[in-house]
Each structure stands twice: as C-alpha cells, then as structure tokens.
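J.: Shown below is the structure under consideration.
The values are calculated or read from the model by the stated rules, or taken from the named source; none is laboratory data. Note that the structure is predicted; figures quoted are calculated from it, not measured. With ideal geometry, Cβ positions are generated from the backbone for all residues, glycine too; neighbour counts draw on all protein chains shown.
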Amino acid sequence: MDTTANGPTRVAPHRVGARIVLNGTTLTVGELIALADGAAVPTVDPEARERAVRSWRTAGQLAAGGRLYGRGTGVGAQRSVPVEEADEAAHSLRVLRSHAGGAGALLPARQVRAMLAVRANQLLAGGSGIQPAFIDALADALRLGVHPAVNEYGAIGTGDLTALAQTGLTLIGERAWISGERAWTGGERAWTGGEAAGSSGSSGSVERYPAQGRAGAGAGAGAGADGRSGASAGRALAEVPADPPADTPADPPAVSHRAQPVSPARLTVVPVAQPAAVSAAPLSGPVPHTAPVPVPVPAPALASAGFPAPVTLQPGDALALLSSNALTLGQAALAQRELDVLLRATHAVAALSLAAVSGSPEAYAAPVHALRPYPGAARAAGEVRRLLGLPDRPPQRQGRRIQDPFGFRAFPQAHGCALDASERLREIIEVEVNCPSENPLMDGDGTAAYHHGGFFAAPLGLALDAADLALLQTAQLSAARLAALGDPGLTGLSAFLGAGPASSSGTMILEYTANSALAELRSCTAPASAGHAVLSRGLEEAASFAGQAARQALRATDAYATVLACELVSSVRALRMHPVPPPVAVFAVAAAALPADTDDRPLTGDVTAATELLPVLAEL
C-alpha cells in the first residue's frame, strides 16, 4: 500500500450491487445520478488511484525543476507574479480562501453530491497533480452522505471556481459539512434536539430540496457560508431531529416530480478546523445569534461522527482542485436524465392524444421516416406505433380528415430533434466527466505539464442550449395538442371535454396552466452561450456560461413536465368519453392512476397525479 500520498491507498472492490467503481474513464450519466441520489456508493479503482498518484508525483518533480502556473505563480492576471517555494503551501490556502466567494441560494444536496462524484472521477483520470487524499475524501463524503454548502452563483463556464473552492475549504476542515436533507427553522434559531442553536450566517432562511420540499439553510447554510456555526463553544455537533417540535410548522408536501431521497431527514452542521480539544459540555439553552467561532473538531472525532477527516493541504492542491466544471456537469447530468425520462413519457402522452382525436397513423408510417432517416424522428414515430399497436404500413385511411394539425402530424419531426439533442448532451457529459480538464495538465509519461484551455466548457454549454431549444419545439406541440383536445371539431366530443351543461368549462383552464409553464420554458431558451464577459484585467476575455445553461435546463425540464401533464389529463379524459376506448396498455395504466370525475372542479390534483405518472409512462 502506498502511504506517501497523504494516506493509504484504498483498494476498493469491483462494482457489486449498489456500488459504483470510479476509475476516471467509464462513469455514465446513470451511474452519476445513482451516486447523487444516494442509490449507490462509490469505490475507488486502485489502478486509477495509482494513476492519480503518478500525476501527483509528476507535478512535484516538474515544480522542483521550474515554475508551474498556480503553484509557483499567482493565478489569473497574477500569472506572472512568482511565488516563493517556501510560500507555496500558504499560497494554495490563499487561493482556496480567496476564490470561495460564491453567492446566492445554497444548492440542493443532490446537485452538490453530483459535483463531488464528477470531481472524484475526473481526478482519477490523471493529469491534475493533486494529492490523492482529496480523491479519497470526496469518495468518503459520498459514502457518508455529507456535502459542503455551495452557493448558486460564481461560475461563468470556465471552471466552477467558487463551488470547488468552497468544497476545498470543507475538505481541509475550514468549512462545515452538511448531513441530511432538511431542518426546521424558527426566526434566527434552528431546532436541535429540543434546544435552539443560533446560525451565525443566516436568519432562518430555507433551502428547497427536490427530495423533501424544505431544507435547512438556517443552521446548516449559514454555518457553511463562512466556516462558523451556531453551536456553542462547548458543543461541536448540532443535529436537527427528523420530527420538529410541536410549535414548528409542519413540512409542506413535496411537489417535485424529481423527488429522490438521499439520506435520513436530518441536518448536521459540523464546524471543523485543525485538531484541538473538544469539550463535551451540553448545550443548555438558546445560543445568541452572534455565536462564537466553533470549537475545532479533531480527525478522530470527525471519523467517529461519520464525517471525512480533514485533508492537509499541500502545494499545488488548490488550483488542481478548482480546474473543473464539476458542478455544471453534475447539474447537466441531472437535467439530461430528467429530459430523457420526460421525452420517453411524451411518446405515451402523444399516442393517447392521437387516439383521442382519431388521428391519422400515416404521419407515423415507417416508410415516411425511412426516406428521411433522422434517428430521433424514426424513433418517435416507432414508439407511437408500438404503444398504439399500429402497423408499420397503415392501411388506406377512411376518415373525416385528410390530415391532422401539426401537433399530431409533425410530432415525429419536432420530438425527434429533442431526442437527438438529449442523446448528444449525454454523450458530451460522459466525455467530460471521464477526462482531465485541469490546467496545467500533467502528461501521463511524467515529463511535461501543458498549459491549455480544456476547462472552457463550450461543448457542454452549446449542447445544453441546443437541448433547451429542441425541448421548446416539442413542448409547443404538446400545448397545441392540448388545445385540439378541447375542440369538438377534432374530437367529436363536448367542448373542453365538459361533462355537465353545455356551459361547462371542463379542462379549459389547463390550456392556461400549460401555456404559463410553456412561457417559463421559453424563457430558458435564450442561449446562455451567447453571453460575454471580460475578466481578470482582460486576460480572460470570453466565457461559455455553461453553468447558466445547466440551470436553465433544470428549470426547462420542470416546466415541460407541467405542460405534458396537462396534455395527459385531457387525453385520458377524452378517451374515457369515447364510446370504445383503445384497448392498449398505456391507456389502462394512465386511466388507473388519474381521477375519473369529469365534473367541473379544481384540476390541480389531476395535474399533480399526471406529473407523478410520467416516469411510469416513460418505462412502458
């Protein structure tokens, strides 16, 4: 075992069950999502870790023979300012501290965990020159279910500098770990086992997590923001119980269709620093909002409490950790997976709508798409045929329409573009999470370091923008089909599928709800890659803004789920009103899950149920 890289080499088993091997070369979007959701734990491939050890040794050898950017020099516009050899370790710490300037809301645990997984895997690709103890600590954090507090704003697509600096300070023990998913807050206090603890960096703010609906930015977020905690000088750990006190408002119901629990519902904020004695005196009452700096927690105490031991920062570690778009890639992977699920669910919803208006199968005929061979369009048409049991070559149509509106007739063409864009996005993400992007990049043969721009995330940003634009095209057709379902001239049914008097509104309001969500989606399609910035005294005169594109993609998928759910509610209602509903599995599944009452009534519950049904339809 190699103990020279600040810790023993951890020999992990191959993937078994809920274990995913990180080796720097084969991580998939699906595996990344499993790690982010806590559905799997990582193990580090020993050969990949040895590759990282060689890269770390190469960096040390090259630095001894001449200056390396960010190690023997300043960073950014300070690139030509030399750093004395004796000051290199302190310089690395200053880089982390000075770059931990993120702002805005704290990010959900799921996104931060995705970032940790990406960064660990990238470092195992070799080339960073970082000490491998950082890789071990990242993997430990994922296994233990803890994450750093990371703010939303700070990156422009040339490296997630603030997020990774905040992560680095947490890994070395200067900032707090957060464990769990939520906390109940009250004013300037956070409940901790019936006792109140102040939050030195927060005023009872609340963060929303997909899994739980609410999460603590009170005790946890505020502490993480500056390395301070509301814990008293005599208490090192503050745990929020799963059940709030009786006078604490109940948690609202989760509303996201992406709910993925990661760990038990508790928030633990652990202020850490260099080893020192820890007092075991209990907390006996409310702690003032202006709480003192927390007591340092030594490594053994951290380990026994289930937190990674702090890593000792060495020369060159700071820039090696920061040179990555790991957060953006994690967010992009979450968006791509959600997009993939929704696009597959769209096949089922569009098929139901086609059946509801007795639409023509000719637009979905296999010969049509064989002659214009776009993979996505052919797949979309084929899926609709499969779900409705249609033949590849439909018989001569005898109906009241020669052809249908675009929402039905052009569906394969528009939706196919979204399928192709989603697949392209997945391919780019899987390239980026499995290759080194660090600057400078250590050569695998140990003889050179290359200064380059591999951290410039143009491929990712452009792919995200393209996916949003393609999604808009298919979302607009979903809204068009929703409108068609309310038209008696197309369905042969009552206007807006009302079941009472002729003046009944039926599903009329769903057009408004869908178009409201569609407007949100449309606002997400302004290409983030069209942005421009000149920074660091003109040295960095361009940016990809991939981080903004990733956040837009997450919002776009949320909005699209609502658009599609509105169409699903209407299509199922329309088919229920048909004399003979289609005898296909997709209708049976949808009808069993959605309310059958057709009276004029609030439809929010119907839309919520339809949204939750989309992942099920995606698997049919």
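J.: Determine if region 342-351 includes at least one residue that is modelled with pLDDT of 95 or more, surrounded by 16 or more Cβ atoms within 10 Å (Cβ to Cβ), touching a Lys or Arg at 6+ places or on another chain (Cβ under 8 Å) and within 19 Å of R481 (Cβ to Cβ).
T.: yes
J.: Could you say whether any residue in region 543-555 is touching a Phe, Trp or Tyr at 6+ places or on another chain (Cβ under 7 Å) and within 30 Å of T328 (Cβ to Cβ)?
T.: Within region 543-555, one or more residues are touching a Phe, Trp or Tyr at 6+ places or on another chain (Cβ under 7 Å) and within 30 Å of T328 (Cβ to Cβ).
J.: In addition: Quick one: count up the residues across region 480-507 that are within 15 Å of D597 (Cα to Cα), touching a Gly at 6+ places or on another chain (Cβ under 8 Å) and not polar (S, T, N, Q).
T.: Count: 5.
J.: Could you list all residues from region 4-37 that are closer than 16 Å to F134 by Cβ and either modelled with pLDDT of 50 or more or among the polar types (S, T, N, Q) (or both)?
T.: Passing the criteria: T4, N6, T9, L22, G24.
J.: Being crowded, with 20+ Cβ neighbours inside 10 Å, modelled with pLDDT under 95 and over 20 Å from S494 (Cβ atoms) is the requirement here; does S536 meet it?
T.: no
J.: Among the numbered criteria (1) surrounded by fewer than 18 Cβ atoms within 10 Å (Cβ to Cβ); (2) in contact with a helix residue (DSSP H, G or I) (Cβ under 9 Å, 6 or more places away or on another chain); (3) under 26 Å from N121 (Cβ atoms), which one does Q473 miss?
T.: So Q473 meets the others, but not (3).
J.: Since S179 meets every condition but one in (1) in the same structural domain as Y69 (by TED's automatic domain parsing); (2) of a type in the set (S, T, N, Q); (3) over 23 Å from A546 (Cβ atoms), which condition does it not meet?
T.: (1)
J.: Return the residues of region 293-317 that are at pLDDT below 90 and assigned to a helix (DSSP H, G or I); say none if nothing qualifies.
T.: A299, P300, A301, L302, A303, S304, A305, listed by residue number.
J.: Please enumerate the residues belonging to region 498-525 that are outside any helix (DSSP H, G or I) and either surrounded by 14 or more Cβ atoms within 10 Å (Cβ to Cβ) or among the hydroxyl-bearing types (S, T, Y) (or both). I'd like the intermediate steps shown before the answer.
T.: Start the filter on region 498-525 by keeping residues that are outside any helix (DSSP H, G or I), which leaves 498-507, 524-525.
Hits for region 498-525 are G498, A499, S503, S504, S505, G506, T507, C524, T525.
J.: Another one. Which residue is surrounded by the most Cβ atoms within 10 Å (Cβ to Cβ), if the candidates are limited to region 352-377 and must be polar (S, T, N, Q) and not in a helix (DSSP H, G or I)?
T.: As a first pass, look at region 352-377 and keep what is polar (S, T, N, Q): 353, 358, 360.
If we keep only those that are not in a helix (DSSP H, G or I) too, we end up with 358, 360.
Numbers: S358: 14, S360: 18.
Going through the qualifying residues, I end up with S360.
J.: Here's something else I'd like to know. Using the structure shown, decide if A141 is over 13 Å from V311 (Cβ atoms) and not acidic (D, E).
T.: no
J.: Something else about it: Take V431 and tell me if it is surrounded by fewer than 17 Cβ atoms within 10 Å (Cβ to Cβ) and at pLDDT 95 or above.
T.: yes
J.: Which number in (1) assigned to a helix (DSSP H, G or I); (2) in contact with a helix residue (DSSP H, G or I) (Cβ under 9 Å, 6 or more places away or on another chain); (3) without any contact (Cβ under 8 Å) to a residue 60 or more places away in the chain marks the one condition that L617 misses?
T.: (3)
J.: For the subset of region 42-74 comprising residues that are within 15 Å of D317 (Cα to Cα) and touching a helix residue (DSSP H, G or I) at 6+ places or on another chain (Cβ under 7 Å), which member is modelled with the lowest pLDDT?
T.: Here the residue is G70.
J.: Right, another one. Can you list residue pairs whose Cβ atoms sit under 6 Å apart, with the first residue in region 410-423 being surrounded by fewer than 24 Cβ atoms within 10 Å (Cβ to Cβ) and the second being hydroxyl-bearing (S, T, Y) and assigned to a helix (DSSP H, G or I)? Count only pairs 6 or more apart in sequence or on different chains.
T.: A414/T474
J.: Cβ-Cβ under 6 Å, sequence separation 6+ or interchain: first residue in region 369-380 and touching a residue at least 40 places away in the same chain (Cβ under 8 Å) and closer than 14 Å to A410 by Cα, partner charged (D, E, K, R) and surrounded by 11 or more Cβ atoms within 10 Å (Cβ to Cβ). Which pairs?
T.: Short answer, once both residue conditions are applied: G376/D420.
J.: Which of the helices (runs of 4 or more DSSP H) contained wholly in region 81-188 include at least 2 residues that are among the charged types (D, E, K, R)?
T.: 88-99, 109-124, 133-144
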